Amino acid sequence: MTTQITANIPARKTYQARTEVFNQDDQGRWTSPEIGSMSQAEVIDVCRKASNWTEIKAAHFPMHGFSS
């Protein structure tokens, strides 16, 4: 089962607002059309900046003991 995450990154002083898309294949590998291959930790780092991080975390990263 493939997974897709859309992260809405708000504008900051150093960058403009943007939408990032991440795809996870059946083997659990993450990719981004902009970046290419990524680790789960890298996807989470980008998604934490998203205005919809709470929804992303609840739907895609419901790890026991995971906080922030």
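The values are calculated or read from the model by the stated rules, or taken from the named source; none is laboratory data. Here the structure is a predicted model, which is why all the values come from computation and not from measurement. Backbone-built Cβ (ideal geometry, glycine too); neighbour counts: all protein chains shown. We work out accessible area using only protein heavy atoms, side chains counted, and drop any ligands, DNA or RNA first. Shrake-Rupley method; radii C 1.70, N 1.55, O 1.52, S 1.80 Å.
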Seminar exercise, completed: Under Stokes-Einstein, the chain at 10 °C and 1.306 mPa s, with its Kirkwood radius over C-alpha pairs, diffuses with a coefficient in µm²/s of 127 µm²/s
Seminar exercise, completed: With only helices counted (DSSP H, runs n ≥ 4, each -39500 (n - 2.57)), the per-residue ellipticity at 222 nm for the chain, to the nearest 500, works out to -6500 deg cm²/dmol
Problem set entry | Computed accessible area, Ser32, all protein chains, 1.4 angstrom probe, square angstrom | 10 Å²
Seminar exercise, completed: Whole-Hz Karplus couplings 3J(HN,Hα) for the stretch 46-61, θ = phi - 60° and coefficients 6.51, -1.76, 1.60, Gly and Pro as x, run 5, 5, 4, 7, 6, 5, 9, 4, 4, 5, 4, 4, 5, 7, 10, 10
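With r as the distance between the Cβ atoms of Thr6 and Gln27 and R0 = 25 Å, compute the FRET efficiency 1/(1 + (r/R0)^6) and round to 0.05.
Details: r = 21 Å, r/R0 = 0.85.
Efficiency, from the Cβ-Cβ distance: 0.75.
In debye to the nearest 20, how big a dipole does the chain give about its Cα centre with +1 on each Lys and Arg Cβ and -1 on each Asp and Glu Cβ? The partial results should precede the final answer.
Working: 7 positive and 7 negative charges, 74 e Å.
Here the size comes out at about 360 debye.
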